Each structure stands twice: as structure tokens, then as C-alpha cells.
1. As an exercise: evaluate residue 160 against (1) touching a Pro at 6+ places or on another chain (Cβ under 9 Å); (2) closer than 22 Å to residue 286 by Cα; (3) without any contact (Cβ under 8 Å) to a residue 60 or more places away in the chain; (4) surrounded by 15 or more Cβ atoms within 10 Å (Cβ to Cβ) and give the number of the one condition it does not meet.
2. When the stretch 123-153 is examined, which residues are found to be under 15 Å from the mean Cα position of the chain (by Cα) and under 25 Å from residue 290 (Cα atoms)?
3. Only residues that are exposed (fewer than 11 other Cβ atoms within 10 Å of the Cβ) and either of a type in the set (A, V, I, L, M, F, W, C) or in contact with a Pro (Cβ under 7 Å, 6 or more places away or on another chain) (or both): list them for the stretch 1-60, please.
4. For the stretch 218-230, does any single residue satisfy the condition of being surrounded by 11 or more Cβ atoms within 10 Å (Cβ to Cβ), in contact with a strand residue (DSSP E or B) (Cβ under 6 Å, 6 or more places away or on another chain) and more than 29 Å from residue 326 (Cβ to Cβ)?
5. Restricting attention to the stretch 162-186, and to residues there that are of a type outside the set (Asp, Glu) and part of a loop (DSSP other than H, G, I, E, B), which single residue is nearest to the chain's Cα centre (by Cα)?
6. Just wondering, is there one or more residues in the stretch 198-207 that are surrounded by 14 or more Cβ atoms within 10 Å (Cβ to Cβ) and within 16 Å of residue 277 (Cβ to Cβ)?
7. Do any helices (runs of 4 or more DSSP H) entirely within the stretch 187-286 hold 3 or more residues that are at pLDDT below 95, and if so, which?
8. Output the residues belonging to the stretch 243-264 that are within 24 Å of residue 330 (Cα to Cα), surrounded by fewer than 18 Cβ atoms within 10 Å (Cβ to Cβ) and touching a Lys or Arg at 6+ places or on another chain (Cβ under 9 Å).
Amino acid sequence: MDDSGGVKRCPDCGELKAVSEFGRNARMADGLARYCKTCFRRRSQESYRKRRAEQGKAVRERIQVPEGHKFCPRCSEIKPHAEFGSNRATKDGLTSYCKQCHTVVARENKAKNHGSERNYLLRYRYGITEDDFARMLARQGGLCAVCRAVPGTFVDHCHRTGQVRGVLCFNCNNGLGHFGDNTVLLELAALYLDGEVLWPEFVVLPERREGGAVARTRAYHLAHRYRLGPADVERMVAAQHGLCVVCWDRPPEHVDHCHLTGEVRYALCLPCNTGIGQFRDDPAVVWRALAYVEAVEPYGEEVVVSDEELRELVRAEEQLRSAFYARVSPVG
């Protein structure tokens, strides 16, 4: 060893190097490591590989990755950062796997930890298992809880409370969604299909629509399907005060007709028209949907209100009533 002049010879590579090329070791007489940093790193790596080999494990080789790219260990490809998802928990802010591999790994982990991806989704969304779903469907006789005509396939839950209500078919599940689980609207829709329209005493008139040229395709559609002209539809909408005759809340967008007889009924808004269509124009199905929603409607606990709170509620109700009458118009 020759450490005169701030240099030292490494016994491994045999080169004479500056002492800055050696690490610290207090147990050595000169306070420096026996080997230079390069040789020490090589020997350390070889020792690590030997220990891993004795354990039956392989060592992943370090891969040189260009700037703006990342190595995906699953597909063993170097891809641009755009091919990776975001993950704030990692140092580089990217997922460990590329997007394609991440999807596969996530699906495999769901099957491994939860039995299947469907079981994972049922637990995550509704807090039930596939066995719970099977028992629920069996209690319904394998059929939709509303129409009772086709097999139930979709878990239905109250969007307000999160409570699972039953298993529905695609149409009935969508029908409840279009009516927003609103029992009042469901009752109005059922009465409408039974031939009874409830005309309100007051309505909030919509903004006046600007008249314009009617597209030839719409004129053809009205004439071919309903035997009506654009002027007939405008008169119908005007007679409805510019509002849907079911919800009385939105302007009508579609001419509604009986699919059995072809008879034109009224003009409805998109949600009401689509919801009625999903319930197959059958008032009995809509009545069952109403009973289905009401059966699990939470009533809540009795609330004790003080005299002061009661007076405040009365004042608030008077204000709401005044605001209501200020913006509505009476209809004849």
C-alpha cells in the first residue's frame, strides 16, 4: 500500500488512486476502506448475487432508461411516460406498470383477493357478495322485482341512503333512474298510462321558444309515424303550457303515443318519455315500481321541535310560499 501524497493503491484492481476514491473505515489504520469505491461496489454486488442465488432467487439487472421513458417490469418494455398512469404515492408520480399491464394486474388481484372481479364490484359498490346476490335473486324467483317478467340482472339501490333494494332487469332499473326514484313522478306516470292527466292549478312557464324552420326529416318523421304536422305539435305543446304533462317541470321534447294502438297521447320531456318506455307502457309495471320504491323508503326518527324552531319553520314556509306564487302563473 502506498498512501503518500494523498493516494492509495487498491489491492483488487492494483491501481494507485486518490484517497477520495476510497470510502471511510475507522477499523483500518489509515481510516480508509481496503478497496476503492468502484471495486467495493463490484464486490458488494457479487456477494449480493451469490446470496440471492443460494436462496434460489434472481437479481434483476439494472436497465438504462432514456429520459421521459420508464421500464414496465411486467411486459419488460421501455415505454414513454404517457403509457403509464398517475400515482402520487410513487417517487416519479407514475404507476409501476404501463396502463395495459396495470389493467391486467388489477383484474388478477381482484380475482385473487375477492374471488372474482364481479365479487369485488359487488362488495365495493353495494357491500354484498355474489352469494348475497344469488340469495336475493332466488327470493325473487329469479325474476325482476318490478316487472316480474324477465330475469333480474342488476343490483338496485337507493342513491340517497345506499341501501340495496333488490335485483331488477335492465329496463326497470333504467326506468327508475329516469324518474329519479321519485314516488310522486312514478304515481303521475302510472295515472298518465291509465289515461288520467293531473292538470295543475299553477305552473312555472318556460321561456318562450323561438319559432323557426322545421327540418324536413322531422316533418317527415312526424307525418310518417304520428300523422301529425309541426303545427299540430306546436298546438299540442301550447295546450300543455309548454310543459311535460307528467312532471310539469320540463319542456316537452317528444311526442308520446301508445305502442299498442298507435294513438298519440301528449308531448313529454325526455326523462318521462324514456322512463315510460322502459316500463313498457304498462301502468301495472309502473304501479309495482312505485310500491317497490315505497316499500324501502326510510321514514326516519321522530324529531322534537321547540316552539321557537316551529315559529322559524313557519316563517320559512311562508317565505317559500310567497316566492312560489311570485314566479308561477295560474292556468285555466
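1. All conditions are met except number (4).
2. Hits for the stretch 123-153 are 125, 126.
3. 26, 29, 58
4. There is at least one residue in the stretch 218-230 that is surrounded by 11 or more Cβ atoms within 10 Å (Cβ to Cβ), in contact with a strand residue (DSSP E or B) (Cβ under 6 Å, 6 or more places away or on another chain) and more than 29 Å from residue 326 (Cβ to Cβ).
5. Within the stretch 162-186, the match that is nearest to the chain's Cα centre (by Cα) is 162.
6. Checked against the condition, which is being surrounded by 14 or more Cβ atoms within 10 Å (Cβ to Cβ) and within 16 Å of residue 277 (Cβ to Cβ), the stretch 198-207 yields no hits at all.
7. Qualifying helices (runs of 4 or more DSSP H): 216-221, 230-239.
8. Matches in the stretch 243-264: 251 only.
The values are calculated or read from the model by the stated rules, or taken from the named source; none is laboratory data. Since this is a predicted model, take the numbers as computed values, not measurements. So basically every Cβ, Gly included, is an ideal-geometry build from the backbone, and we count neighbours across all protein chains shown.
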